[in-house]
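Heads up: the structure comes next, in structure tokens.
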Amino acid sequence: MPQLRSIDQPPSAREFYTPHLLYVLLYALLSLFVLNACTGTLTKPGGPLTQMQKQALTAEQAGDHSKAAELYKQLAAKSTDDGLRYEWLIKAAQSYFRGGESEASAELLADLDVNLLDTQQLLQRQLLVAELALDKRDYARAQTALNFDIPEQTDTVTQQKIHKLRITTFNALNDPITAALSHIALDALIYDEEAQLFNQQTLWQLLQSAQIAELETAQANAFNSEVLGWLQLAIIAKRPAQQGNRSINDWRQFFPSHPADITIVDSVLARQSQQAYRPSNIALLLPLQGSLANTAKAIRDGFFAAYYQSDHRSTPSIRVYDVTTADGKIRDDVYTIYQNAVSDGAEFVIGPISKDALEPLAFRSDLSTPLLALNYVSDTGLPHDLFFQFGLSPEDEARQVAERAWSDGHKQAITLTPQGDWGQRMQTAFADRWESLGGRLVESKNYDANSNDFSRPLRSMLQLVQSQTRKRNLQQQLGLELNFEPRRRHDVDFIFLAAFPRQGRLLKPQLKFHHAGDIPVYASSHIFSGIADANADRDINGVTFCDTRWTIDPTSSSIGQQVTRLWPQNSHSLLRLYALGADAFKLIPHLSKLQQSESYSYQGQTGLLSMDKQRRLHRQPSWAKITNGVPVELAEPEKPVAPTLKLSPL
């Protein structure tokens, strides 16, 4: 990569997002300027902290990034030393960005004279330019901003940040090999064994998603033995199974101490020892009429989108069976429909969707053909060995929220869930997983989903009522009228909010009104409609939520792009269901591997999929945060809390 240079300079917030001709000319000139002469480290203020520095630090720690930014700007204005002044301005720009004020951050960066920045200051500036570009989904700009050699004196934390930003950028650009190369570079900077294993498994999944021709081209350009070892192993995993053992033995001789030998090789050998199951006839059992018709049709269309993108030399015949009556009710004889499909030659059955239709099938002793149910049955018994369960389980997402919040370092939680069965299931699933991890649940509160004003449950949840009571008691004791601002409880690290878009857009601003705007909020996918609406979703700015990657970034998958082209009217609102249908097709050859071991996983369209002993498939979804009203994808947690997974190749 080229040396660090003053590229991607935003002359103003407006021009950062909408460059005009003058900016393009300035940009071209600046791109020619290389800071070979710049040396030194990031200037740090010496001596004890001043009062204003303490105020800025306190505001930053309290999550009041806008106030911190203003204080940093004041410190810069008072500084007579250029190095310190630029350091404070960079800190101000970073604080604006952390607070979701991207335009203010870009505007401040534009005022910096890059000719006066030292190497580390310029590095911090470039990283912030990349973050701003990613925030706007301008991945090409982010790639340009990150195109530099890392200075030798750069600390480990900053190096890790650089590689993580590059990973996010190249994943968004659908460049799995370059993203994997950044994972390889990051691997040497991770000192926690569990986090390192997770990083290695992620880079392996990226390499296995690439075409063999791409891997071979990258292999020819490999610049060190560790990179070469990863690429050669990925190529071996792509080759026919009969070549596997000999190739692995040769690989081990060439790379005797390679990190993949500890974590990945066993999964390659396991894959090559198995024959993938590829049925020649598949039956879809779906409710094409009635209340579930739209759901069923989206799943069907996602299934066929994946089908038509598969290897046409081995595509099976597909037949769809309607499991509803003329008036839209689920038929009582679903098992008979299953038998008819088998009699018609089906070697694999997918569906039905509703639990009522699945229960009669799950525990029959005479199932003769594998069935992938598109929902989950009750835990009252062990289903038939040929009965697999897969769906978009809300409870799975609640458990994933618990794991993500724990990975993010939180320890004490509040749950805020709607009244009724769905809310209770979400609260229970979250609480069970959260407490099993060692977290503490300090409060659980329900709200009326039909209401617009949530003051009563929020005031109770945040203990503002107690604060008001303390005020009244003090006034009575002192006989004085006190100026008073209610104080919320401070024993909570984050809130798990189970809500749909309407409730979420009302609850998040009301949390801020009730002095809880600085408490992180985590949610399931239900809080996001699936349709980008910056104006409406500004009200849920800052919410971290899990979802399918399709929904977070519809351009991330070629199948997702095809769905959007074919069904533009419905694709966004039903995107999760299209992804479920696509996975139902793509999963079939992987079911035997997933069933063999809970440690295997498959990267599907709905998330990273693994299977438990009851043959229930579980998802690890992608993560995003609402920023300026739109979802921005987040990096995977550096240290997973779930059992480490050995990834099977795609």
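Just wondering, is there one or more residues in the stretch 72-88 that are part of a helix (DSSP H, G or I), over 25 Å from residue 630 (Cα atoms) and polar (S, T, N, Q)?
For the stretch 72-88, residues part of a helix (DSSP H, G or I), over 25 Å from residue 630 (Cα atoms) and polar (S, T, N, Q): present.
Inspect all residues belonging to the stretch 550-563 and state whether any of them is of a type in the set (Ser, Thr, Tyr) and surrounded by 24 or more Cβ atoms within 10 Å (Cβ to Cβ).
yes
Please go through the stretch 414-426 and pick out each residue that is among the small types (Gly, Ala, Ser) and in contact with a Ser or Thr (Cβ under 9 Å, 6 or more places away or on another chain).
423
Go through 429, 405, 499 for me and flag whichever is at pLDDT 90 or above, buried (at least 18 other Cβ atoms within 10 Å of the Cβ) and assigned to a loop (DSSP other than H, G, I, E, B).
Within the list 429, 405, 499, the selection yields 499.
Going through the stretch 408-426 one residue at a time, which ones are part of a helix (DSSP H, G or I) and either crowded, with 24+ Cβ neighbours inside 10 Å or in contact with a Lys or Arg (Cβ under 7 Å, 6 or more places away or on another chain) (or both)?
The one that is part of a helix (DSSP H, G or I) and either crowded, with 24+ Cβ neighbours inside 10 Å or in contact with a Lys or Arg (Cβ under 7 Å, 6 or more places away or on another chain) (or both): 426.
Conditions tested, residue by residue: (1) loosely packed, with under 13 Cβ neighbours inside 10 Å; (2) closer than 20 Å to residue 391 by Cβ; (3) at pLDDT 90 or above.
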position: 289; (1), (2), (3): no, no, yes
position: 296; (1), (2), (3): no, yes, yes
position: 301; (1), (2), (3): no, yes, yes
position: 309; (1), (2), (3): no, no, no
position: 328; (1), (2), (3): no, no, no
position: 346; (1), (2), (3): no, no, yes
position: 353; (1), (2), (3): no, yes, yes
position: 358; (1), (2), (3): no, yes, yes
position: 361; (1), (2), (3): no, yes, yes
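Across the stretch 527-549, what is the number of residues that are outside any strand (DSSP E or B), modelled with pLDDT of 90 or more and either buried (at least 24 other Cβ atoms within 10 Å of the Cβ) or among the β-branched types (Val, Ile, Thr) (or both)?
Total satisfying the criteria: 6.
How many residues are touching a helix residue (DSSP H, G or I) at 6+ places or on another chain (Cβ under 7 Å) and in contact (Cβ under 8 Å) with a residue 60 or more places away in the chain if we restrict to the stretch 79-104?
Taking the stretch 79-104 first, the residues touching a helix residue (DSSP H, G or I) at 6+ places or on another chain (Cβ under 7 Å) are 79, 82, 85-99, 101-104.
From the residues that got through so far, the ones that are in contact (Cβ under 8 Å) with a residue 60 or more places away in the chain too are 102-104.
Selection size over the stretch 79-104: 3.
Being surrounded by fewer than 23 Cβ atoms within 10 Å (Cβ to Cβ) and in contact with a strand residue (DSSP E or B) (Cβ under 7 Å, 6 or more places away or on another chain) is the filter; apply it to the stretch 197-208 and report the residue that is nearest to residue 172 (Cα to Cα).
Selected residue: 205.
Looking at the structure I just gave you, is residue 331 charged (D, E, K, R) and in contact with a Ser or Thr (Cβ under 6 Å, 6 or more places away or on another chain)?
The answer is yes for residue 331.
Considering only the stretch 304-363, state which residues are assigned to a helix (DSSP H, G or I), touching a Lys or Arg at 6+ places or on another chain (Cβ under 9 Å) and without any contact (Cβ under 8 Å) to a residue 40 or more places away in the chain.
335, the sole residue that qualifies.
Please tell me if residue 165 is assigned by TED's automatic domain parsing to the domain that holds residue 105, surrounded by 18 or more Cβ atoms within 10 Å (Cβ to Cβ), under 20 Å from the mean Cα position of the chain (by Cα) and farther than 28 Å from residue 268 by Cβ. Reasoning before the result, please.
Values: assigned by TED's automatic domain parsing to the domain that holds residue 105: no; surrounded by 18 or more Cβ atoms within 10 Å (Cβ to Cβ): yes; under 20 Å from the mean Cα position of the chain (by Cα): yes; farther than 28 Å from residue 268 by Cβ: yes.
No.
The values are calculated or read from the model by the stated rules, or taken from the named source; none is laboratory data. What you see is a predicted model, and the numbers here were worked out from it, not measured in a lab. Here the Cβ is made from the backbone with ideal geometry for all residues, glycine too, and neighbour counts use every protein chain on show.
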